[in-house]
1. Starting from the Cα of His74, move 7 Å in the Cα-to-Cβ direction to define the label point; list residues of the stretch 80-105 whose amide nitrogen is under 20 Å from there.
2. Lys180: which aspartates and glutamates have alpha carbons under 15 Å from its alpha carbon, excluding same-chain residues fewer than 8 sequence positions away?
3. Using Cα positions and a limit of under 23 Å, work out the lysines in reach of Lys103, with same-chain residues fewer than 8 apart set aside.
4. Report, ordered by chain and residue number, the lysines lying within cross-link reach of Lys76, taken as a straight Cα distance under 21 Å and ignoring same-chain residues fewer than 8 apart.
5. Report the full-extension gain for the segment Gln25 to Gln57: residue separation times 0.36 nm, less the Cα-Cα distance, to one decimal in nm.
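Read-outs throughout are calculated quantities, based only on the coordinates presented, and are distinct from any laboratory measurement. All values derive from a computational prediction rather than experimental measurement. FYI the Cβ positions are ideal-geometry reconstructions off the backbone, even for glycines, and counts take in every protein chain you see.
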Amino acid sequence: MPGVTFRLFASIYSRMTNEDNIIIQRIRSGETKEFGLLVNRHGPSLMVFVGRLIKQQEDVEDVVQNTFVAAYEHLKEYDPQRASLSTWLQRIAYHEALYHLRKRKRQVLLPIDVGDDVPDELPETTTAEQLDEAIQKLPPEDQMLLQLYYFDQRPLKEIAYITNASSIFLTREVSRLSSKLHRIRQRLRIILTRINNE
């Protein structure tokens, strides 16, 4: 049964990707109104993606709108051989969201020194509320990385494509992200220990 479910999912995903590419070809041929179809197809998932990091609905809408504006302006640069359209859009949304957060500078984040002796497992007594509170104390880049890896379950290679502005040296970036995830888990453990001791 799991094999049937996976094949069905792969079939739907493949069909959606093919439809996206057909729409993109039409837009590149001058049918610019077709871009609205891409907004309707991918807008809701981008709202969820951005909304996990940015809490104000109005700001989420602004970031997603800026994402689609940037996507439209750079549509000629999109290469379906490198990534699906949804991954490419997430790449743009990722950088738009980080730009928005840095511009707002809503919170002052204190640096957390992590030594090699700090384990990266979360305390067993951690509640969902405590974890959410701890994640909010991390820098935006770390929050987004956790979202992509744990919530969206993206493979590191895709995350490297989304997060790395230059999109080169992806193999090196995958290794760096793996190490960074380890350090983020260590920081989360330290923050959660502090929260539990308050």
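1. Under 20 Å, as judged by backbone N against the label point of His74, lie 80-104 of the stretch 80-105.
2. Partners found: Asp113, Asp116, Asp120, Glu121, Glu141, Asp142.
3. Leaving aside lysines fewer than 8 places away in the same chain, those within reach of Lys103 are Lys55, Lys137.
4. Qualifying lysines at Cα under 21 Å: Lys33.
5. That works out to 8.3 nm of additional length.
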